[in-house]
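First comes the structure, then the notes that go with it.
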Amino acid sequence: MMISISELKTSVKAALYNVGILVFTLSVALFISSLLVGIDVREVFGFFFSASVGSWDSLLRVLMRTTPILISTLGLMVAFRSGVWNVGGEGQIVLGVIVATGICLFLDFPPPLLVLLSFLASFLASGAYGGVAGFLKARWGVNEIAITMMQTFIALALLQYLIDGPWNWGAGLYPRTEKIPLGTRLPFIAYPLNSMFLIGVVCIFLIHFLLTKTVFGYELRAMRSNRVAAFSHGIDTARLTILSMVISGGLCGVAGTGLVLGEYFRAQAGVSGNYGFYALAAALMADNTASLAPFAAFLIAFLYQGALGLTALGLPHRLGEVVIGVVFIAILLPRAVTGLRGI
Amino acid sequence: MVFDALSSIVSFFPVIGLAALGGFLGQKSGVWNIAIEGIMAFGAFSGVFAYHYFGNSIWISMLFGFLFPLIFGVLLSVLCVSHGLDQIIVGFGLWFLSEGLAGFLYLTVLPSVKVAETLEPKLLSLDPVFYLTIASFAVVYVILQYSKHGLTIKAVGENPKAADSVGINVYQTRWICTTLGAGFMGLAGSYLSLVILQGFTYDLIASYGWVAFALILFGRWTLPGTFFNALFFTLLIGIQTRLQVAGILVLPSEFIVVIPHFGVIVALSLAGILGKKAGMPASLGDYYAKE
């Protein structure tokens, strides 16, 4: 990859701007928080950073959270690149969780086969789930934002039903399933970071290649910039819409499988951790560029984990969401088309 | 008895109706606002916040439930109408921001508040806000159909360039519609928190914002369509809640909860199958760049 000096300058500038925005927003948010709850500001900063990057263990935890966000971010990018709004990442992750749990708990195959089957089936199931929205959009122009969002609520309800009802383990304080067999659990790289992280890294290269080096990726971009022109140049936009939704949903499903096989070893409420929604933010912050996805995913995982650390001080973890919202919008600002108009 | 059940079901109408009206207004002028869910949450918070700090009056609190969320309408207008950022992307950012802020401020600045008051007077056991919601639909309908302002809004949503050439201020029109729209969404949220739930809880909007967003689409951007869809989904949501409360479970409760969501998917698909995207304002989502 050759990068010219001027390109390097722009990207360094952009990176500095983004980091500046992050540092500023985070500082203001933490400062205001400390004022609101009357805790020493140094303590607030201390808790935030020790929970996120303060120790080897907490850093590993951030990386553990990065993994599902990263994989779903890459998935969502495939759809966003083609101008299709897959906002149902959360639901597709949940479906992946359901499929993987079901396979590992109820099928009687050798463990390695179960693992393989989990990944494959969750990719297909979540891919099909996304594909439905893609099909409705391609065939009848049905708005995919509304459909994928509704699908998310339905998938969440299905998970809730399963862990409350037929798959309920019966033990434990909150509804959840039994743990999956030992053989199906993914090995840890260094506890709590599991080997899904490596799959995530592989996905970066795969999606980068898919989006930038293949005809498919080129067609996606062509379709996004001008659907009609792409169609008249012989690109099958209907097929492309459906396919991008399938890949997009499928990757989110894989992320869900990773959560079961690598982290929780079971299905339970909140297992998807809103990662699908965070991935949405990450994909847009990274401007749908696969090589930037890990940074965006790490950033969000860092904020998430730091905000979780603040709950020890009685601060709500929603602080993370606020900071993400502000940083997200601030990162968009340089992309504004023009100066102030109108009022 | 039947009548009481019915009026308690439709008493939820302002939540869905006002949110949909807010979204409708913005979309009619050509601006997507997909942060409905979050802006409603922020409105819900603002209402309860005002109730606690600015004297215990539901009416005044609802006014603040309208006023505070205007900031998100202004933000959307600045970023998208004036600066040409992508409306969908910014919408997601605002969704995160507004919902996050509501949850964050709720735990930091708001003690647990119980709204003791109820809205009076009641007519057919429905409070004034219910009738005001219907009235505001009527007012917006009359403005859209029979006034110059209505024509302006529609022109800006359909063909901003043509509108501009006859001297209409495209930016101003979109600003007003988008900002007012956010206010209506906030109002819907504050009605939910102040009147129906009598307090603020986490995730109280529970996807109603997204349902409201969707029903504008299969109302095909007509106000009567949006109105009746809102009424229909109010009934669906009401029946769903009633079934759960009464313990009449033909299906597991998790399946009953998603009846409205299934309803949206079916309705949207049907609308698509039957008539493409008919009725969608032609420049919805497009930034207007003045030459």
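The values are calculated or read from the model by the stated rules, or taken from the named source; none is laboratory data. Please read these numbers as outputs of a predicted model, since none were measured by experiment. Reconstructed Cβ throughout: ideal geometry from the backbone, glycine too, with neighbour counts over all protein chains shown.
Structure data summary
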{"quantity": "B:Leu180 vs. criteria crowded, with 17+ Cβ neighbours inside 10 Å and not basic (Lys, Arg)", "calculated": "yes"}
{"quantity": "Residue within segment B:210-220 that is crowded, with 20+ Cβ neighbours inside 10 Å and in a loop (DSSP other than H, G, I, E, B) present", "calculated": "yes"}
{"quantity": "Members of segment B:231-256 that are assigned to a helix (DSSP H, G or I), over 16 Å from B:Ile16 (Cα atoms) and among the aliphatic types (A, V, I, L, M)", "calculated": "B:Leu243, B:Val245, B:Ala246, B:Ile256"}
{"quantity": "Any hit, segment A:230-240, residues being under 23 Å from the mean Cα position of the chain (by Cα) and not acidic (Asp, Glu)", "calculated": "yes"}
{"quantity": "Among residues of segment B:245-262, those that are more than 9 Å from chain A (Cβ to nearest Cβ) and at pLDDT below 80, counted", "calculated": "7"}
{"quantity": "Odd one out for B:Gln27 among (1) more than 16 Å from B:Glu99 (Cβ to Cβ); (2) surrounded by fewer than 24 Cβ atoms within 10 Å (Cβ to Cβ)", "calculated": "(2)"}
{"quantity": "Qualifying residues in segment A:154-181 (those that are away from every other protein chain (no Cβ under 14 Å) and in contact (Cβ under 8 Å) with a residue 60 or more places away in the chain) - the one surrounded by the fewest Cβ atoms within 10 Å (Cβ to Cβ)", "calculated": "A:Tyr174"}
{"quantity": "Residue count for segment B:69-90, restricted to those that are surrounded by 24 or more Cβ atoms within 10 Å (Cβ to Cβ), within 27 Å of A:Ser33 (Cα to Cα) and more than 7 Å from every other protein chain (Cβ to nearest Cβ)", "calculated": "4"}
{"quantity": "In segment B:156-172, the residues that are surrounded by fewer than 12 Cβ atoms within 10 Å (Cβ to Cβ) and among the β-branched types (Val, Ile, Thr)", "calculated": "B:Val166"}
{"quantity": "Members of segment A:260-285 that are surrounded by fewer than 24 Cβ atoms within 10 Å (Cβ to Cβ) and of a type in the set (Gly, Ala, Ser)", "calculated": "A:Gly262, A:Ala269, A:Gly270, A:Gly273"}
{"quantity": "Any hit, segment B:119-136, residues being within 14 Å of chain A (Cβ to nearest Cβ), surrounded by fewer than 20 Cβ atoms within 10 Å (Cβ to Cβ) and touching a Leu at 6+ places or on another chain (Cβ under 7 Å)", "calculated": "no"}
{"quantity": "Residue in segment A:264-276 that is assigned to a helix (DSSP H, G or I) and either within 14 Å of chain B (Cβ to nearest Cβ) or at pLDDT below 90 (or both) present", "calculated": "yes"}
{"quantity": "Residue in segment A:16-29 that is loosely packed, with under 15 Cβ neighbours inside 10 Å, farther than 27 Å from A:Leu292 by Cα and among the small types (Gly, Ala, Ser) present", "calculated": "no"}
{"quantity": "Residues satisfying the stated conditions in segment A:104-153, i.e. part of a loop (DSSP other than H, G, I, E, B) and either touching a Ser or Thr at 6+ places or on another chain (Cβ under 8 Å) or within 8 Å of chain B (Cβ to nearest Cβ) (or both)", "calculated": "A:Gly141, A:Val142, A:Asn143"}
{"quantity": "Check on A:Phe24, of a type outside the set (Gly, Ala, Ser) and touching a Gly at 6+ places or on another chain (Cβ under 6 Å)", "calculated": "no"}
{"quantity": "Subset of segment B:263-291 [without any contact (Cβ under 8 Å) to a residue 60 or more places away in the chain, surrounded by 14 or more Cβ atoms within 10 Å (Cβ to Cβ) and facing another protein chain (nearest Cβ under 7 Å)]", "calculated": "B:Val264, B:Ile265, B:Leu268, B:Ser269, B:Gly272, B:Lys277"}
{"quantity": "Residues located in segment B:143-175, provided they are among the hydrophobic types (A, V, I, L, M, F, W, C) and touching a residue at least 60 places away in the same chain (Cβ under 8 Å)", "calculated": "B:Leu144, B:Ile153, B:Val156, B:Val170, B:Trp175"}
{"quantity": "Unique residue being facing chain B (nearest Cβ under 10 Å) and either farther than 30 Å from A:Thr184 by Cα or touching a Lys or Arg at 6+ places or on another chain (Cβ under 8 Å) (or both) when the list is A:Val322, A:Val228, A:Val260", "calculated": "A:Val322"}
{"quantity": "Exclusive hit being of a type outside the set (Asp, Glu), closer than 16 Å to B:Phe42 by Cα and either surrounded by fewer than 18 Cβ atoms within 10 Å (Cβ to Cβ) or under 18 Å from the mean Cα position of the chain (by Cα) (or both), set B:Leu187, B:Leu251", "calculated": "B:Leu187"}
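Table: residues versus (1) away from every other protein chain (no Cβ under 14 Å); (2) on the phi > 0 side of the Ramachandran plot; (3) in a helix (DSSP H, G or I); (4) in contact with a His (Cβ under 9 Å, 6 or more places away or on another chain).
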site	(1), (2), (3), (4)
A:Leu26	no, no, yes, no
A:Ile32	no, no, yes, no
A:Val44	no, no, yes, no
A:Ser50	yes, no, yes, no
A:Leu60	yes, no, yes, no
A:Leu76	no, no, yes, no
A:Phe80	no, no, yes, no
A:Asn86	no, no, no, no
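Okay, residues lined up against (1) away from every other protein chain (no Cβ under 14 Å); (2) closer than 27 Å to B:Gly263 by Cβ; (3) in contact with a helix residue (DSSP H, G or I) (Cβ under 7 Å, 6 or more places away or on another chain):
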| residue | (1), (2), (3) |
| --- | --- |
| B:Ser147 | yes, no, no |
| B:Lys161 | yes, no, no |
| B:Val166 | yes, no, no |
| B:Leu192 | yes, yes, yes |
| B:Ala206 | no, yes, no |
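Okay, residues lined up against (1) in contact with a Lys or Arg (Cβ under 7 Å, 6 or more places away or on another chain); (2) modelled with pLDDT under 90; (3) farther than 18 Å from B:Gly209 by Cβ:
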site: B:Leu67; (1), (2), (3): no, no, yes
site: B:Phe72; (1), (2), (3): no, no, no
site: B:Leu75; (1), (2), (3): no, no, no
site: B:Gly91; (1), (2), (3): no, no, no
site: B:Pro111; (1), (2), (3): no, yes, yes
site: B:Val139; (1), (2), (3): no, no, yes
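Yes/no matrix, rows are residues, columns are (1) within 14 Å of chain A (Cβ to nearest Cβ); (2) farther than 30 Å from A:Val84 by Cα:
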| position | (1), (2) |
| --- | --- |
| B:Ser11 | no, yes |
| B:Ile16 | no, no |
| B:Leu25 | no, no |
| B:Ile34 | yes, no |
| B:Gly55 | no, yes |
| B:Phe64 | no, yes |
| B:Leu105 | yes, yes |
| B:Leu110 | yes, yes |
| B:Val113 | no, yes |
